[in-house]
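Trainee: The structure follows.
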Amino acid sequence: MIQILNKIRFYDYHIYLFFHGAIHNRPWLNESYLFFAKYGIVLIFLSSIYLIARGKIRAFFCSFVATFFAFVVDFLISIFWQRPSPFIAHSNEIITPITQGLRVDTISFPSAHTYIAFAISTSVFLYGHRKLGIVLFIIAALVAVGRMGAGFHYPSDIVGGALLGIASGIVAYLIIEHNQKRWE
């Protein structure tokens, strides 16, 4: 079991280095990572304004509930396990992260930006807004890669955040659908 975990840590770190190290001599990539790490989540939240304007209150409410569920699970994880961010754990080996205007969090697992983005994307998609849901999934993936490329998360943090977001989106959808008749 220890060998498997060590292998996972090895690949996790080297995949992280690939994405984060790719910014050398590529200022456009550096700016892309920074943009999606910083503003990608804002694009996801703008979908809420669209949903409210279109009168899709259930989809909006489902997104809110899914984000709340993911936040609670993240909080519980952070109580028991506080994995340091890669720029802290490997501060002598990696490039200093791009932190211009970003809130620097020292806990890495799971990626909060990623689970929020995927929770909202899943909720919107499941409520029948397929086109918007697909666009939000693409933006969520760009947020995830941006956070990793900017130096804040390992790939497993991103995968964990995405799975947490998708699972919370599905649970929120099922709960709201199950209780829909009671609310009407």
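The values are calculated or read from the model by the stated rules, or taken from the named source; none is laboratory data. Computed from a prediction, not measured in an experiment: that's the story for all the values here. We place every Cβ from the backbone using ideal geometry, glycine too, and count neighbours over all the protein chains shown.
Trainee: Check the stretch 52-72 and report whether any residue there is in contact with a His (Cβ under 9 Å, 6 or more places away or on another chain), exposed (fewer than 15 other Cβ atoms within 10 Å of the Cβ) and modelled with pLDDT of 80 or more.
Mentor: Yes, the stretch 52-72 has at least one match.
Trainee: Within the stretch 99-148, can you find the residues that are assigned to a loop (DSSP other than H, G, I, E, B) and at pLDDT 85 or above?
Mentor: none
Trainee: Pairs please, first residue from the stretch 4-21 and more than 21 Å from ALA141 (Cα to Cα) and without any contact (Cβ under 8 Å) to a residue 12 or more places away in the chain, second anywhere and among the small types (Gly, Ala, Ser) and surrounded by 15 or more Cβ atoms within 10 Å (Cβ to Cβ), Cβ atoms under 9 Å, 6+ apart in sequence or on different chains.
Mentor: ARG9/SER156
Trainee: For the stretch 115-174, what are the residues that are under 20 Å from TRP81 (Cβ atoms) and surrounded by fewer than 22 Cβ atoms within 10 Å (Cβ to Cβ)?
Mentor: Once the filter is applied, which keeps residues that are under 20 Å from TRP81 (Cβ atoms) and surrounded by fewer than 22 Cβ atoms within 10 Å (Cβ to Cβ), the stretch 115-174 yields PRO155, SER156, VAL159, GLY160, LEU163, ALA167.
Trainee: Return yes or no: is PHE75 without any contact (Cβ under 8 Å) to a residue 24 or more places away in the chain, surrounded by 12 or more Cβ atoms within 10 Å (Cβ to Cβ), in a helix (DSSP H, G or I) and of a type in the set (A, V, I, L, M, F, W, C)?
Mentor: Spelling it out, it is not the case that PHE75 is without any contact (Cβ under 8 Å) to a residue 24 or more places away in the chain, surrounded by 12 or more Cβ atoms within 10 Å (Cβ to Cβ), in a helix (DSSP H, G or I) and of a type in the set (A, V, I, L, M, F, W, C).
Trainee: Take the residues in the stretch 35-72 that are outside any helix (DSSP H, G or I) and of a type outside the set (Gly, Ala, Ser), then tell me which one is farthest from GLY169 (Cα to Cα).
Mentor: By that ranking, first place goes to ARG54.
Trainee: What pairs come up if the first residue lies in the stretch 113-138 and is within 19 Å of LEU163 (Cβ to Cβ) and touching a residue at least 60 places away in the same chain (Cβ under 8 Å), the second is surrounded by fewer than 21 Cβ atoms within 10 Å (Cβ to Cβ) and of a type in the set (Phe, Trp, Tyr), and their beta carbons are under 6 Å apart, counting only those six or more places apart or on different chains?
Mentor: Once the first residue is within 19 Å of LEU163 (Cβ to Cβ) and touching a residue at least 60 places away in the same chain (Cβ under 8 Å) and sits in the stretch 113-138, its partners that are surrounded by fewer than 21 Cβ atoms within 10 Å (Cβ to Cβ) and of a type in the set (Phe, Trp, Tyr) give SER121/PHE137.
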